[in-house]
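Please read the structure below before turning to the comments.
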Protein chains: 2
Amino acid sequence: MYLTRFFLPVLRETPKEAEIVSHQLMLRAGMIKQSAAGIYSWLPLGLKVLKKIEQIVRDEQNRAGAVEVMMPTIQSADLWRESGRYEAYGKEMLRITDRQERDLLFGPTAEEAITSIFRDGVKSYKDLPKNLYNIQWKFRDEIRPRFGVMRGREFLMKDAYSFDLTKEAARASYQRMFVAYLRTFARLGLRAIPMKADTGPIGGDLSHEFIILAETGESEVFCHRDLLEGAIPSADTNFEDDLSPIMDAWTSKYAATEDMHDADRFKKEVPEDARVSARGIEVGHIFFFGTKYSEPMGCRVQGPDGQMVTLQMGSYGVGVSRLVGAIIEASHDDGGIIWPVPVAPFEVAVINLKAGDEATDAVCADLHDRLQAAGIDVLVDDSNERAGGKFATMELIGIPYQIVVGPKGVKSNEVEVKARIGGDRETMAPEAALAHVVEEINRARVLV
Amino acid sequence: MYLTRFFLPVLRETPKEAEIVSHQLMLRAGMIKQSAAGIYSWLPLGLKVLKKIEQIVRDEQNRAGAVEVMMPTIQSADLWRESGRYEAYGKEMLRITDRQERDLLFGPTAEEAITSIFRDGVKSYKDLPKNLYNIQWKFRDEIRPRFGVMRGREFLMKDAYSFDLTKEAARASYQRMFVAYLRTFARLGLRAIPMKADTGPIGGDLSHEFIILAETGESEVFCHRDLLEGAIPSADTNFEDDLSPIMDAWTSKYAATEDMHDADRFKKEVPEDARVSARGIEVGHIFFFGTKYSEPMGCRVQGPDGQMVTLQMGSYGVGVSRLVGAIIEASHDDGGIIWPVPVAPFEVAVINLKAGDEATDAVCADLHDRLQAAGIDVLVDDSNERAGGKFATMELIGIPYQIVVGPKGVKSNEVEVKARIGGDRETMAPEAALAHVVEEINRARVLV
């Protein structure tokens with residue numbers, strides 16, 4: 001991609017309305033634009049990151065055996081009356097009346113919708129276990145939307161729903177998502193810690209939030225320091241094996257959100273030098289809630305003995321759009337965003353210091369074409385901006401590697417390669433620069 | 001993918017509520033499930049097709065130089081008041097009031113939203129031309145939703161918006177989308193004919209609908225027979241060249257929708273044996289409307305002479321979810337759907353006639369793994385259903401190639417390969433079957 005053909009409306013000044021760094025940087029980097037309170041358009045740079053995160057989330061859901069569906073944004077109120085949540089959900093639910101005076105709503109979550117699909121589609125225990133997931137825009141009418149995409153009203157969520165015949169099987173489904181989440185966040189360059197959590201309006205008796213530590217976190221969290229270094233299950237983990245050992249290893253040490261925190265237990269179980277108390281951002285939340293929805297909604301299958309069995313369910317959420325902000329909160333400096341390679345909107349920026357100079361243009365075009373042929377996501381800055389502005393923009397938008405091409409260097413067959421992390425610069429031939437960044441990026445893409 | 005892990009709730013009987021064949025087949029094949037009038041969930045099989053169509057649409061937008069953004073589903077009413085369309089749009093607009101009593105709406109289209117983004121992000125003629133596109137769920141509160149996804153209320157639309165300094169440049173932008181659409185529909189296995197069309201509530205003075213012919217089409221269309229064989233611009237078309245010759249070739253012969261039809265001209269310009277009058281389905285619609293939105297909304301840039309210039313705009317829609325139905329209308333038989341390879345949910349089905357038989361299972365697993373390694377989308381039917389049911393399901397869901405593996409054949413190192421189109425069957429060694437389907441599919445993937 002060439003910058004002059006792209007759409008990158010960067011801002012030189014920090015917008016006043018943005019309170020936290022991720023919101024400020026996303027606005028400044030031209031990633032998003034507010035369209036109404038808590039509602040954002042994703043501009044090309046932001047959308048590229050969002051899509052990469054979405055694809056990693058999808059990939060790990062598939063690996064864990066979940067199957068993708070897509071439910072509509074608009075749901076019928078009648079469905080929610082079946083579970084009894086329509087009145088209970090409160091003002092966060094965006095309620096809508098259509099031209100025929102039917103009650104609709106913009107889905108804040110989809111337990112009812114998926115249960116209704118499942119009860120009609122599955123009749124026998126032989127079709128279990130199943131886990132269906134959905135990556136779709138949700139709406140929660142927050143009374144005070146803030147922090148950009150971190151607490152927006154319209155947001156992209158991955159929500160998965162498991163259906164099992166027994167509690168024991170449901171626990172195995174829960175463990176598969178637990179492991180999938182450890183892998184998902186690690187692949188996004190995040191260290192997320194599962195913490196025992198309150199179940200809130202979803203209900204149920206077993207729940208974990210996946211929390212990343214960041215100064216701007218919305219709540220206080222407490223955990224054992226060892227969890228900051230916990231082992232991430234490998235890509236060849238067999239999801240049909242018993243995953244209890246992995247979950248046990250992660251849950252045997254103290255970790256709790258504010259709501260579930262027990263100060264006495266924390267002191268008793270965790271040595272003083274291993275006690276971490278910090279601010280945390282929730283990036284995922286998983287629930288086991290048994291028959292809370294299947295019972296009132298009649299989601300049953302025929303069991304092995306011919307008797308009808310009400311299914312055991314769980315649900316598993318990842319805030320896909322929120323993750324864009326969360327990653328920035330965890331990875332930035334004074335110059336701007338520092339994208340982990342797997343979610344970087346572009347992996348390499350080629351900075352043309354003299355656009356219009358034939359020899360310089362030719363080197364940039366050649367690098368562009370060869371990087372693209374190597375499967376690298378590349379952005380060439382072919383604009384007429386001054387060099388300082390170009391450097392500042394690439395720092396701001398956080399591209400992991402820059403190759404700086406100027407007319408003088410071109411004469412001596414030299415370009416400069418700069419890494420966003422650490423800021424190392426090295427001068428080398430274009431050929432060597434190409435080989436170097438391709439190698440570095442291929443290495444960095446496989447984080448887990 | 002193995003069928004026992006997938007979610008494919010096929011129906012043996014045709015649901016009474018479905019009037020047209022695509023709606024019937026999508027319900028029977030377990031592709032969609034209605035959740036409210038005109039609102040559908042996409043089950044795994046349907047979602048796979050939807051995603052493949054979306055990706056082809058995206059790919060051709062990118063090729064034509066358009067840049068992807070994502071606007072929210074919920075828009076502010078104030079935006080629509082700026083253009084004057086808020087009151088004018090009528091009851092098809094789903095109007096919403098949030099908890100703070102602010103007027104919102106579920107976007108039926110996004111001319112206002114994109115104009116507001118553009119006017120803030122672009123200041124100079126040097127940043128033009130630009131074309132931004134968006135693939136997002138839209139809502140139109142049809143008084144009588146029907147025909148499944150063909151006339152639903154919530155639907156997935158690709159909408160692109162071009163911004164140019166002059167009418168002449170805007171015409172070139174229009175031509176780029178015209179050519180992109182010819183390629184898009186051809187890649188989907190469709191023969192779409194551009195027809196002069198009415199502009200409706202979008203406005204403007206130049207507009208074409210892209211129409212495919214099908215008995216169940218919603219309106220009557222008229223065209224010269226030669227257009228059924230018009231040349232599709234090749235993949236190496238340079239979108240920076242003058243594309244007038246391509247557009248002229250396609251628009252020089254008579255083609256009009258009902259609204260624009262002129263019976264006298266049709267008779268005069270088209271020889272009797274070349275007159276086609278048929279039912280048509282609209283799959284795309286493009287508009288040039290000049291300053292209709294940019295003028296009231298103040299979308300201007302500084303021109304070369306320093307004066308502010310109001311931009312010339314066009315918009316370009318493709319009904320992505322509607323296309324799933326349109327392709328089925330164009331490609332089915334009594335047995336079910338016949339997917340063109342580029343949009344098939346799976347390209348090959350491996351039918352295990354005796355799941356549980358060790359040797360048969362092993363051949364199926366080997367075919368699965370090797371097809372997957374060759375980049376082929378494969379579904380193995382490893383269920384316990386009887387053979388007849390398995391064949392009927394694969395016919396119904398329209399997988400282009402089947403490899404039938406039974407215990408007898410395995411003993412003599414034979415499987416049967418069957419093509420969905422034409423129904424040709426051939427017995428050969430598994431090795432040969434693998435090579436054959438991989439070759440056929442790779443050939444069929446590149447339609448244009």
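The values are calculated or read from the model by the stated rules, or taken from the named source; none is laboratory data. A quick note: this is a predicted structure, and the numbers were derived from the prediction, not measured. Because the Cβ atoms are built from the backbone with ideal geometry, glycine has one as well, and the counts that use them run over all protein chains shown.
Can you find a residue that is away from chain B (no Cβ under 14 Å), within 12 Å of the chain's Cα centre (by Cα) and not small (G, A, S) anywhere in segment A:192-204? So far as segment A:192-204 goes, no, none of its residues is away from chain B (no Cβ under 14 Å), within 12 Å of the chain's Cα centre (by Cα) and not small (G, A, S). Of all the criteria given as (1) at positive phi; (2) of a type outside the set (V, I, T); (3) touching a residue at least 24 places away in the same chain (Cβ under 8 Å), the one not satisfied by A:E101 is (3).
In segment B:105-114, is there at least one residue being aromatic (F, W, Y), in contact (Cβ under 8 Å) with a residue 60 or more places away in the chain and closer than 29 Å to A:E92 by Cβ?
No, segment B:105-114 has no match at all.
Given the condition without any contact (Cβ under 8 Å) to a residue 24 or more places away in the chain and assigned to a loop (DSSP other than H, G, I, E, B), answer yes or no: does some residue in segment A:117-136 qualify? No, segment A:117-136 has no match at all.
Being free of Cβ contacts under 8 Å to residues at least 24 places away in the same chain and either closer than 28 Å to B:S234 by Cβ or in contact with a Pro (Cβ under 9 Å, 6 or more places away or on another chain) (or both) is a property that B:E154 lacks. Contact map, segment B:353-382: first residue over 18 Å from B:N413 (Cα atoms), second residue of a type in the set (D, E, K, R) and not in a helix (DSSP H, G or I), Cβ cut-off under 8 Å, separation 6 or more or different chains; pairs are B:I376/B:E347; B:D377/B:E347; B:V378/B:E347.
The single residue among A:L25, A:L45 that is in contact with a strand residue (DSSP E or B) (Cβ under 8 Å, 6 or more places away or on another chain) and buried (at least 20 other Cβ atoms within 10 Å of the Cβ) turns out to be A:L25.
Residues in segment A:14-32 include at least one that is more than 23 Å from B:S41 (Cα to Cα), part of a strand (DSSP E or B) and touching a residue at least 24 places away in the same chain (Cβ under 8 Å). Being acidic (D, E), in contact with a Ser or Thr (Cβ under 6 Å, 6 or more places away or on another chain) and crowded, with 16+ Cβ neighbours inside 10 Å holds for only one residue in A:D382, A:D377, and it is A:D382. Return yes when B:I53 is buried (at least 20 other Cβ atoms within 10 Å of the Cβ), closer than 16 Å to B:K138 by Cβ and facing chain A (nearest Cβ under 8 Å) and no when it is not. No: the conditions fail for B:I53.
Determine whether B:G317 is in a strand (DSSP E or B), in contact with a helix residue (DSSP H, G or I) (Cβ under 8 Å, 6 or more places away or on another chain) and touching a residue at least 12 places away in the same chain (Cβ under 8 Å).
Working: in a strand (DSSP E or B): yes; in contact with a helix residue (DSSP H, G or I) (Cβ under 8 Å, 6 or more places away or on another chain): no; touching a residue at least 12 places away in the same chain (Cβ under 8 Å): yes.
No; evaluated as a whole, the condition is false for this residue.
The requirement of being at pLDDT below 95 and in contact with a strand residue (DSSP E or B) (Cβ under 9 Å, 6 or more places away or on another chain) is not satisfied by B:A278. The residues of segment A:229-248 that are within 24 Å of the chain's Cα centre (by Cα) and free of Cβ contacts under 8 Å to residues at least 24 places away in the same chain, listed by number, are A:E229, A:A231, A:D236, A:N238.
Applying the condition of being facing chain B (nearest Cβ under 10 Å) and outside any helix (DSSP H, G or I) to segment A:56-70 and asking which residue is surrounded by the fewest Cβ atoms within 10 Å (Cβ to Cβ) yields A:G65. Summed over segment B:13-27, the residues that are within 13 Å of chain A (Cβ to nearest Cβ) and either touching a Gly at 6+ places or on another chain (Cβ under 9 Å) or within 26 Å of A:S162 (Cβ to Cβ) (or both) give a count of 1. Residue count for segment B:114-168, restricted to those that are surrounded by fewer than 23 Cβ atoms within 10 Å (Cβ to Cβ), more than 25 Å from A:A355 (Cα to Cα), more than 9 Å from every other protein chain (Cβ to nearest Cβ) and polar (S, T, N, Q): 1.
Let's see how each residue does on (1) touching a Phe, Trp or Tyr at 6+ places or on another chain (Cβ under 9 Å); (2) among the acidic types (D, E):
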position	(1), (2)
B:Y2	no, no
B:V21	no, no
B:G38	yes, no
B:M70	yes, no
B:D78	yes, yes
B:R95	yes, no
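You will find that of A:T184, A:T115, the residue that is modelled with pLDDT of 95 or more, among the hydroxyl-bearing types (S, T, Y) and under 15 Å from the mean Cα position of the chain (by Cα) is A:T184 and no other.
Just one of B:L105, B:L43, B:L47 is modelled with pLDDT of 95 or more, facing chain A (nearest Cβ under 8 Å) and touching a Leu at 6+ places or on another chain (Cβ under 9 Å); which is it?
B:L43
In this structure, B:E92 qualifies as out of contact with any strand residue (DSSP E or B) (no Cβ under 7 Å at 6 or more places or on another chain) and acidic (D, E).
If you go through segment A:383-438 and keep only what is assigned to a strand (DSSP E or B), in contact (Cβ under 8 Å) with a residue 40 or more places away in the chain and within 20 Å of A:G336 (Cα to Cα), you end up with A:Y401, A:Q402, A:I403, A:V404.
Exactly one residue out of B:G84, B:G90, B:G38 is surrounded by fewer than 24 Cβ atoms within 10 Å (Cβ to Cβ), facing chain A (nearest Cβ under 10 Å) and among the small types (G, A, S): that is B:G90. In the set (1) in a helix (DSSP H, G or I); (2) more than 27 Å from A:R144 (Cβ to Cβ); (3) among the basic types (K, R), A:K91 fails one condition alone, (2). Considered as a group, the residues in segment A:87-99 that are at pLDDT 95 or above and out of contact with any Lys or Arg (no Cβ under 7 Å at 6 or more places or on another chain) include one that is nearest to B:F155 (Cα to Cα), and that residue is A:D98.
A:E416 falls short on exactly one of the conditions (1) touching a strand residue (DSSP E or B) at 6+ places or on another chain (Cβ under 6 Å); (2) crowded, with 19+ Cβ neighbours inside 10 Å, and that condition is (2).
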